[in-house]
1. Give me the residue from segment D:165-199 that is small (Gly, Ala, Ser) and within 30 Å of D:Lys145 (Cβ to Cβ) and, out of that set, nearest to the other protein chains (Cβ to nearest Cβ).
2. Identify all residues within segment C:278-316 that are of a type outside the set (A, V, I, L, M), under 25 Å from the mean Cα position of the chain (by Cα) and within 30 Å of B:Glu316 (Cα to Cα); write none if there are none.
3. Looking only at segment D:123-143, which residues are in a loop (DSSP other than H, G, I, E, B) and under 19 Å from the mean Cα position of the chain (by Cα)?
4. Which of (1) over 24 Å from C:Leu311 (Cβ atoms); (2) modelled with pLDDT of 95 or more is the odd one out, the single condition C:Met238 does not satisfy?
5. In segment D:336-370, what residues are in a helix (DSSP H, G or I) and over 19 Å from the mean Cα position of the chain (by Cα)?
6. Out of curiosity, is D:Tyr162 hydroxyl-bearing (Ser, Thr, Tyr), buried (at least 22 other Cβ atoms within 10 Å of the Cβ) and away from chain B (no Cβ under 14 Å)?
7. Considering only segment D:33-59, state which residues are within 25 Å of A:Lys18 (Cα to Cα) and in contact with a helix residue (DSSP H, G or I) (Cβ under 8 Å, 6 or more places away or on another chain).
8. If you check B:Thr310 against the conditions, is it among the β-branched types (Val, Ile, Thr), without any contact (Cβ under 8 Å) to a residue 60 or more places away in the chain and assigned to a strand (DSSP E or B)?
4 protein chains.
Amino acid sequence: MSKKQINVGLIGYQFMGKAHSNAYRQVGRFFDLPVDVHMHTICGRNEAAVKKAAESYGWTNYETDWRKVIANPEIDVIDVSTPGNLHAEIAIAAAKAGKAVFCEKPIGNTLEEAKSMLDAVQAAGVPHAVFHNYRKAPAVALAKKLIMDGRLGTIYHMRATYLQDWIADPNFPLVWRLQKEVAGSGTHGDINAHIIDLGRHLVGEFDEVVGTLHTFIKKRPLAGEIDANLGAKASEKMGDVTVDDAAMFLAKFKNGALGTFEASRFAVGRKNYNRFEINGSGGSLVFNLERMNELEFFDNSVPEETHGFTLIQATEGSHPYAGHYWPVAHIIGYGETFTNLLADAFTNMAAGTRIEPDFVDGYENQRVLDAVERSSETRSWIKL
Amino acid sequence: MSKKQINVGLIGYQFMGKAHSNAYRQVGRFFDLPVDVHMHTICGRNEAAVKKAAESYGWTNYETDWRKVIANPEIDVIDVSTPGNLHAEIAIAAAKAGKAVFCEKPIGNTLEEAKSMLDAVQAAGVPHAVFHNYRKAPAVALAKKLIMDGRLGTIYHMRATYLQDWIADPNFPLVWRLQKEVAGSGTHGDINAHIIDLGRHLVGEFDEVVGTLHTFIKKRPLAGEIDANLGAKASEKMGDVTVDDAAMFLAKFKNGALGTFEASRFAVGRKNYNRFEINGSGGSLVFNLERMNELEFFDNSVPEETHGFTLIQATEGSHPYAGHYWPVAHIIGYGETFTNLLADAFTNMAAGTRIEPDFVDGYENQRVLDAVERSSETRSWIKL
Amino acid sequence: MSKKQINVGLIGYQFMGKAHSNAYRQVGRFFDLPVDVHMHTICGRNEAAVKKAAESYGWTNYETDWRKVIANPEIDVIDVSTPGNLHAEIAIAAAKAGKAVFCEKPIGNTLEEAKSMLDAVQAAGVPHAVFHNYRKAPAVALAKKLIMDGRLGTIYHMRATYLQDWIADPNFPLVWRLQKEVAGSGTHGDINAHIIDLGRHLVGEFDEVVGTLHTFIKKRPLAGEIDANLGAKASEKMGDVTVDDAAMFLAKFKNGALGTFEASRFAVGRKNYNRFEINGSGGSLVFNLERMNELEFFDNSVPEETHGFTLIQATEGSHPYAGHYWPVAHIIGYGETFTNLLADAFTNMAAGTRIEPDFVDGYENQRVLDAVERSSETRSWIKL
Amino acid sequence: MSKKQINVGLIGYQFMGKAHSNAYRQVGRFFDLPVDVHMHTICGRNEAAVKKAAESYGWTNYETDWRKVIANPEIDVIDVSTPGNLHAEIAIAAAKAGKAVFCEKPIGNTLEEAKSMLDAVQAAGVPHAVFHNYRKAPAVALAKKLIMDGRLGTIYHMRATYLQDWIADPNFPLVWRLQKEVAGSGTHGDINAHIIDLGRHLVGEFDEVVGTLHTFIKKRPLAGEIDANLGAKASEKMGDVTVDDAAMFLAKFKNGALGTFEASRFAVGRKNYNRFEINGSGGSLVFNLERMNELEFFDNSVPEETHGFTLIQATEGSHPYAGHYWPVAHIIGYGETFTNLLADAFTNMAAGTRIEPDFVDGYENQRVLDAVERSSETRSWIKL
């Protein structure tokens, strides 16, 4: 093939590393890309673990020092999938080295970090992307299309929740995601960030917010050894939980819409309940990540006799992304949201056009996160 | 008021007696009827029980001999809500006495009884109705309207189940509904009769059937004393179950549609799962009695991008019957299906027009029941 | 019968008048009450309309001056179902006259009114009730029982929405419910009041709130003539909408639980979507009024292999209220929530015990409504 | 790595070819297999198309003559994914050449073909597998486990439907799947075969059946050119549809359970509605392929107060297959059902143990298909 080869270096090999690896491996199989994506190098500090990850996930090389990956002139794209406390340093170094930078969300652990990262990629003029992968579920992309086509008219409301329960047990140990110095925040940056992105993407920019971050369980057993998938061994010693267990806020969008947003890891029974509902004068939409191939649409132009919420299976060949996979109603999974994101990213990159979502989105997202955190302290509305 | 008063005599006071009483009491409160319905007399063999029922349900008089009710010249309508083995005798006597006859389904315990009952009401020229009340759920009436409006086009399929589990416990006693000489049949006449009626009502007449009736538990404890709501005391002695626990059949309709029908009292977890789906060239419909205010409609004329099953809340003021009750999505219940049936029946009766469903429907229904029973014996398709 | 007769006088004959009338008519038919409930007098200002209502709904007498109803020594209970601006005057007069007072919610148009009403019934020592009827849906009553039995453990979250769309059309006229001087507030008092009551009932007392009331459409055509069911004729002249179209707030409960509450009349496609979810350490509950016979329960004690949200049909004979009606999964409707409330109210009244919910609940509810309104002005959290 | 390399030759490159290719590519990435799976050669008659498929799907070589693939001594496994009329010849030749044979379902176009194929693999002593991939959805595998653990007790009922609508349009052309000489049968072999397999897998062997195959649209436009995904260009000439559009049958299982089975391509609105419900004395199960990560379970041992159907998200780490992918409720898709099947197949093959499902399953499946076809002709029950 005469396609240009793009060499990727992935920093991080845990949950996101596995998901991103799968997407790099699959993207060229389902999409006719303008480039050949090559899984060049995966990087992690634990050599045995990263070697195994390289073999399992299909990376040609592995490395234990991210600086060497960035220094490697063969590599075109640096994918930053480490815990949040390393994002800024790696991403900025990668940008300065002239690499495209694809980064997990939230891009920084603070608004300042995010700003410096955005400045870095803009100064360097390199392509940049952020993994707000849920935009790329076919049902969400269809929601976006229906909104852009005017099918929802004037938007009045968005209500979004991202509910999980994996730390509801007070004996769940103090893993890195519960430590502010590593993770930046708890539910807020981890999952509120996702629904804030969906709000910006589908409704528009935020105007002001009021909210609160809350920690139900303030001390937990220290984690023994962190495994590859969020799990951990418990220990007898206790440590302080320094991030939020739940974060909720009200919002007003610049276009006049109202919003409610709530993230929790204490919603017992809810596993990955990233659900939103948007109501407009022309109709309404409902999405739930746990049934990510489906979109509910109330079309207000349908006569009363037969109106109602329609369960669209966003799996038709004509739906966004879906035609690249299987026949209608043969569903795709979580992994494909990353594949779709990369398909878009490499296509834009090859064309020299803006990748969406990018560090601008990452930064704007973080401005909302930051405003909610400040509101939680001032106990009042904060203007963005 | 100058409206004509219609005096009703109700024979039977158990489950159906309670449901019918409620409907007679309520019908004039929600519908502006051309007549005044008066709850004249309720009749049952156990004087203490029927006296209590009269007081509880609001009947002016009670009686222990149904012949006296029929002989009473004040009474205009005889409602036959006894177990099936008494239907024919009472209904025929009532018809001969010139009374309107409203009868529970199936009208007879055999096809011969049903025929003699139909002959009797036709010979007497009296109004007649059969309580296939599910036709009168707003969602079912809406289904009928959509079909009559051509929204389903050519109908290809109906699949109907009526699933319950109240006798799945082998220790459930041998109540009258499990005895052929009283009940006529088991699930077949009790609940298959309902979905056969919906088939005739919504799709059309049956052409041929093949099916089987089956009894899983062939001996049960004798019932001690039957209470008002199907319950019973268990006994140590065992008796033979002489009716079917489940009955299923395939059908071809005269218009070319195919059907599957299944009734069971052994579908553990299913309580009142009277569900049908109808597929036509123009669209499809789904109904489930347990969510009887809802109808799902797939409109095949909607473009692929947003097509899907629409959950219609059949509670709009413009939907059949619904406008007589509450604002949209303030649901009605099972009791109201009888109220709606009576509203229609009294309106037709006053106008001298045919009540639907009537004994013709009861008889045609029984022809299908009978054909399935014969098919169960001959093990082959039976033409109707 | 030797039961004591209780004579009821109902002030108001529109939507709530119809619903309450049905409940007074039905309560003695499904429940074995210690008293005989007599529908003595209905009262409204429009004589022709109230006369028709008396006939339709089954009241023995009608009256056009509520003072005469209160003055009538035969009457034991005054039911206040007028628009909110008349509640306080009528209820206080009724209490002073020694009548039991059953009042629609919110009891007053202001917190001051509510306080004066509570003071009046307490000073008079008369029984009092408020129509927070949704407590009395079997599924909600089951939710309460499960919580009281400790099945939810420590409660972490409640999220409640009450969404409708009946005024989303900007041409919908300026009916009384959109006028502050009559209705007191918009969605806030009308439907947020309901979910606040469910919050107090199921989770506990509120500790602090932050929220906002919002009006999307600020001018509407003047209403011509108001009909019995919220409808209205449009007019060419425009008037100011003086109530909220939507109201949302965050809450902290005294027991440490977090809450989100949202009411809207602009949630296009949502008709009567009174939905709540409660998450506790032991499990979670979900209820939606549009499927009011169902309760979803996640039982955290079930092993992971088969855990999940269980769809309970709250229609078993052993479930609260349900056994008084039909066999399992033969559902009841909206009307029955009032019947159940009255069954409890008359039972408590006869026993001389506290009715729940009563004016204390009405007042506490209004304290929360008031705090949210103040928060909407101060743009900060308000302590209760 | 010291793992043995297994070289696969895939015959066929359309829909199933794409799905199988994905599974061969992915299986070693998510499962720690005892062998290294190498995608050696893909084969199809159209050189340009198969060359493109090889590149897209990741096969090292391509070939246009399947005999050459079988003759290649490097190749260990022959995967037969052609239209049904070529299955027997290829599979038998592969077996004779000592290759493992993995075949699409139904294995033959006739019972005789299936028997000769089974004989061939057994005579050759080679490993064999059939792609009844739906057994391998985590939710179905969980259903199997619950049944084997005795959670359903005595099974009374299975009702299964596999409903699609892709040829409901009478102008849909006469593609190969509508031609008996190529496809063998229509819905019957294509999709009834799947639910028959689920019946055998979950309930047990069939004892007798009665059913009918039906063709609604008997003439269709000739297909111009068949594309890779079931699509086709229409032509002006008409041809005879020689297969069934719908096939339905009743069944009795050897263990006494009753079954209803229905397949249709005329169920408008149903896209991939492979749904089953199984009722046993101990509980019930419901599965729908369109929500293939979910299983509904009614546990009859739960007290009445909180019993109901529980929506299990079969995505826990402890659920079959699920732990190999993502965290809980991060769903997998249709493609993964094949990946799971191959993971089992290669594991069994390496261990020298029976692969499930294999050609015995394929043959037994075909015995049921054949019995239903004969029943459709004799119009009576057929004993297996």
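1. Going through segment D:165-199, the residues small (Gly, Ala, Ser) turn out to be D:168, D:183-186, D:189, D:193, D:199.
Still in the running and within 30 Å of D:Lys145 (Cβ to Cβ): D:189, D:193, D:199.
Details: D:Gly189: 17, D:Ala193: 17, D:Gly199: 15 Å.
Among them, the one singled out is D:Gly199.
2. Taking segment C:278-316 first, the residues of a type outside the set (A, V, I, L, M) are C:279-284, C:287-288, C:290-291, C:293-294, C:296-301, C:303-310, C:313, C:315-316.
Restricting the remaining residues to those that are under 25 Å from the mean Cα position of the chain (by Cα) gives C:279, C:284, C:287-288, C:290-291, C:293-294, C:296-297, C:313, C:315-316.
Correct list: C:Phe287, C:Asn288, C:Glu290, C:Arg291, C:Asn293, C:Glu294, C:Glu296, C:Phe297, C:Gln313, C:Thr315, C:Glu316.
3. So the first thing to find is which residues in segment D:123-143 are in a loop (DSSP other than H, G, I, E, B), and the list is D:125-127, D:131-132, D:137.
D:Pro127, D:Phe131, D:His132, D:Ala137, listed by residue number.
4. (2)
5. Narrowing segment D:336-370 to residues in a helix (DSSP H, G or I): D:336-351, D:359-370.
Passing the criteria: D:Thr347, D:Met349, D:Ala350, D:Ala351.
6. On the way: hydroxyl-bearing (Ser, Thr, Tyr): yes; buried (at least 22 other Cβ atoms within 10 Å of the Cβ): yes; away from chain B (no Cβ under 14 Å): no.
When the stated conditions are applied, D:Tyr162 does not pass them.
7. In the first step, residues of segment D:33-59 are kept if they are within 25 Å of A:Lys18 (Cα to Cα); the result is D:33-39, D:55-59.
D:Leu33, D:Pro34, D:Val35, D:Asp36, D:Val37, D:Met39, D:Ser56, D:Tyr57, D:Gly58, D:Trp59 - these are the residues of segment D:33-59 that are within 25 Å of A:Lys18 (Cα to Cα) and in contact with a helix residue (DSSP H, G or I) (Cβ under 8 Å, 6 or more places away or on another chain).
8. Numbers: among the β-branched types (Val, Ile, Thr): yes; without any contact (Cβ under 8 Å) to a residue 60 or more places away in the chain: yes; assigned to a strand (DSSP E or B): yes.
When the stated conditions are applied, B:Thr310 passes them.
The values are calculated or read from the model by the stated rules, or taken from the named source; none is laboratory data. Just so we're clear, the structure is a prediction, and the values are computed from it rather than from any experiment. A quick note on method: Cβ atoms are made from the backbone with ideal geometry, for glycine too, and the neighbour counts reach across all protein chains shown.
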